[in-house]
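**Student:** One structure, as structure tokens, below. Some questions next.
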Amino acid sequence: MARINDNYLKLKAGYLFPEIARRVNVFAAANPDAKIIRLGIGDVTEPLPQACRDAMIQAVQDMSDRNLFKGYGPEQGYAWLREKIAQQDFQARGCDIDASEIFISDGSKCDTGNILDIFGDDNIIAVTDPVYPVYVDTNVMAGHTGEANDKGEYEGFVYLPISAENNFTAQIPTEKVDLIYLCFPNNPTGSTATKEHLQAWVDYAKAHGSIIFFDAAYEAFITDPTLPHSIYEIEGARDCAIEFRSFSKNAGFTGTRCALTVVPKTLKGKASDGAEVELWKLWNRRQSTKFNGVSYIVQRGAEAVYSPEGQAQVKDLVGFYMENAQIIREKLTAANLAVYGGINAPYVWVKTPHGLSSWEFFDKLLETVNVVGTPGSGFGAAGEGYFRISAFNSRKNVEEAMQRITDKFTV
Ligand code: MLT
């Protein structure tokens with residue numbers, strides 16, 4: 001019989017969001033009249049910006065024209081998209097990033113996992129706790145950890161707890177780590193990182209030869225003008241950081257699929273013989289071999305994000321979800337719950353009251369007001385006692401969910 005990858009057996013039974021969906025489905029089957037409102041997974045609900053739709057329709061037309069038809073595209077993405085991203089997302093903010101350092105992909109989730117292909121198996125890896133579960137699970141799958149303990153912490157990771165006690169700021173480790181996952185604005189806590197904080201991380205990474213994986217999927221939701229949108233706004237980051245970005249949340253592409261990964265050509269890693277190797281070359285090789293690019297139609301849609309109309313429409317879309325976040329914050333605060341985040345991020349992080357565990361709170365909310373959120377413990381041991389509410393939903397659903405909590409939710 002063929003052998004399996006035993007590392008998969010170390011994983012918790014289900015990935016967090018399918019597990020939540022499973023529990024909600026069980027509840028829905030037993031309570032067919034319940035009008036369930038889902039504020040769990042951060043999935044967008046509003047239509048794609050008009051500029052993106054128009055560009056995609058035009059791209060479909062192109063595909064009907066023998067002269068404009070496209071077969072395989074460049075594995076790295078079309079130059080016209082990469083150049084706009086380089087100019088508008090990076091150079092306009094003073095970041096020294098060239099279009100050739102941008103790789104278009106079908107998702108940040110995929111790329112934060114795929115990036116491990118170009119790194120060795122014996123790196124010491126640091127993650128915040130709580131954390132986006134993909135960073136952890138992909139390392140478990142790759143055999144970079146031991147078993148999980150009762151709290152779900154895997155042997156071999158360096159966990160950096162973030163909680164109200166340290167203002168949701170990941171402390172710089174005292175020991176040497178090789179790979180560091182940072183996500184700001186943070187999923188799940190909605191917290192942010194100042195330039196000074198990121199500078200401290202970059203200084204640490206440069207001093208220790210570490211690489212930072214910087215997940216900036218939520219950068220469009222930053223409202224505070226002093227906060228950095230990219231790690232490359234920080235001096236020295238070109239020498240120690242890979243950045244992941246996505247069109248999923250700003251332009252509503254969760255179902256359309258388009259993202260990007262930035263690998264500066266100045267980044268180096270060490271081979272087992274001690275030689276220094278350009279990470280860009282490895283990632284380019286990896287993508288050329290394992291990836292055939294994002295569809296032409298979708299890349300044309302993503303390109304439209306950078307047109308003046310696209311920029312205005314994306315701003316409105318982001319503003320809409322941030323108004324939802326504000327409503328959630330206000331109503332939960334009025335219901336005497338301690339809330340964090342939701343100001344520069346589309347997630348509101350709630351302290352569960354009366355010492356309820358995250359899953360107890362999940363059950364209570366589901367059973368009493370039929371509202372679904374995400375238990376903080378699903379993001380890591382230090383997420384226990386917290387709960388995440390996503391602002392990605394229609395206004396009607398957000399208002400209705402908050403009204404039910406205000407009127408009927410008692411613990
Ligand atoms: C989340 O809810 O944390 C996100 O939807 C996850 C993702 O973007 O993959």
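**Student:** Counting only residues that are in contact with a Gly (Cβ under 8 Å, 6 or more places away or on another chain) and over 25 Å from P375 (Cβ atoms), how many does the range 25-74 have? Full working, then the answer.
**Tutor:** The initial filter retains those residues of the range 25-74 that are in contact with a Gly (Cβ under 8 Å, 6 or more places away or on another chain), namely 39-40, 44, 46-49, 51-53, 55-56, 59, 72-74.
Narrowing further to those that are over 25 Å from P375 (Cβ atoms): 46-49, 51-53, 55-56, 59, 72-74.
Residues that pass the stated criteria total 13.
**Student:** For the range 366-384, does any single residue satisfy the condition of being β-branched (V, I, T), part of a helix (DSSP H, G or I) and over 17 Å from T128 (Cβ atoms)? Before the answer, list the steps.
**Tutor:** Within the range 366-384, the first condition is being β-branched (V, I, T), and the residues that meet it are 368-369, 371-372, 374.
After this cut, where a residue has to be part of a helix (DSSP H, G or I) as well, the list is 368-369.
This time we only want the ones that are over 17 Å from T128 (Cβ atoms), so: 368-369.
Checked the range 366-384: at least one residue is β-branched (V, I, T), part of a helix (DSSP H, G or I) and over 17 Å from T128 (Cβ atoms).
**Student:** On the basis of being closer than 27 Å to A237 by Cβ and modelled with pLDDT of 95 or more, does Y340 make the cut?
**Tutor:** Values: closer than 27 Å to A237 by Cβ: yes; modelled with pLDDT of 95 or more: yes.
Yes; evaluated as a whole, the condition is true for this residue.
**Student:** Residues F392, F387, F361: which one is within 16 Å of the ligand (Cβ to nearest atom) and outside any strand (DSSP E or B)?
**Tutor:** F392
**Student:** Continuing with this model, one more query. Does the range 287-302 hold any residues that are open to solvent by 30 Å² or more (accessible area, probe 1.4 Å), part of a helix (DSSP H, G or I) and either closer than 23 Å to E219 by Cα or in contact (Cβ under 8 Å) with a residue 12 or more places away in the chain (or both), and which are they? Quick ask: steps written out before the conclusion?
**Tutor:** Here is the first cut: in the range 287-302, the residues open to solvent by 30 Å² or more (accessible area, probe 1.4 Å) are 288-292, 295, 297, 300.
Narrowing further to those that are part of a helix (DSSP H, G or I): 288-290, 297, 300.
Within the range 287-302, S288, K290, I297, R300 meet the criteria.
**Student:** Evaluate the following for N336: is it closer than 23 Å to F69 by Cα, more than 20 Å from the chain's Cα centre (by Cα) and open to solvent by 10 Å² or more (accessible area, probe 1.4 Å)? Lay out the reasoning, then the answer.
**Tutor:** Values: closer than 23 Å to F69 by Cα: no; more than 20 Å from the chain's Cα centre (by Cα): yes; open to solvent by 10 Å² or more (accessible area, probe 1.4 Å): yes.
When the stated conditions are applied, N336 does not pass them.
**Student:** Pull up the range 214-268, narrow it to residues that are in a helix (DSSP H, G or I) and without any contact (Cβ under 8 Å) to a residue 60 or more places away in the chain, then point me to the one that is nearest to G341 (Cα to Cα).
**Tutor:** Start the filter on the range 214-268 by keeping residues that are in a helix (DSSP H, G or I), which leaves 219-221, 231-233, 237-239.
Next cut, without any contact (Cβ under 8 Å) to a residue 60 or more places away in the chain only: 219, 231, 237, 239.
Details: E219: 14, I231: 20, A237: 26, D239: 30 Å.
Only one residue tops the list, namely E219.
**Student:** OK, next. For the range 45-75, name all the residues that are exposed (fewer than 15 other Cβ atoms within 10 Å of the Cβ) and hydroxyl-bearing (S, T, Y).
**Tutor:** Within the range 45-75, S64, Y72 qualify.
**Student:** Further, regarding this structure: So how many residues does the range 35-44 have that are within 16 Å of the ligand (Cβ to nearest atom), open to solvent by 50 Å² or more (accessible area, probe 1.4 Å) and either part of a helix (DSSP H, G or I) or out of contact with any helix residue (DSSP H, G or I) (no Cβ under 6 Å at 6 or more places or on another chain) (or both)?
**Tutor:** Matching residues across the range 35-44 total 2.
Okay, residues lined up against (1) within 16 Å of the ligand (Cβ to nearest atom); (2) over 19 Å from the mean Cα position of the chain (by Cα):
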{"position": "V131", "(1), (2)": "yes, no"}
{"position": "T145", "(1), (2)": "no, yes"}
{"position": "K151", "(1), (2)": "no, yes"}
{"position": "Y154", "(1), (2)": "no, yes"}
{"position": "L160", "(1), (2)": "no, no"}
{"position": "S163", "(1), (2)": "no, no"}
{"position": "P173", "(1), (2)": "no, yes"}
{"position": "T189", "(1), (2)": "yes, no"}
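The values are calculated or read from the model by the stated rules, or taken from the named source; none is laboratory data. Please read all numbers here as calculations on a predicted model, not as lab measurements. Note: ideal-geometry Cβ built from the backbone for every residue, glycine included; neighbour counts use all protein chains shown. Note: accessible area is taken over every heavy atom of the protein model, side chains too, but ligands, DNA and RNA are not part of it. Shrake-Rupley method; radii C 1.70, N 1.55, O 1.52, S 1.80 Å.
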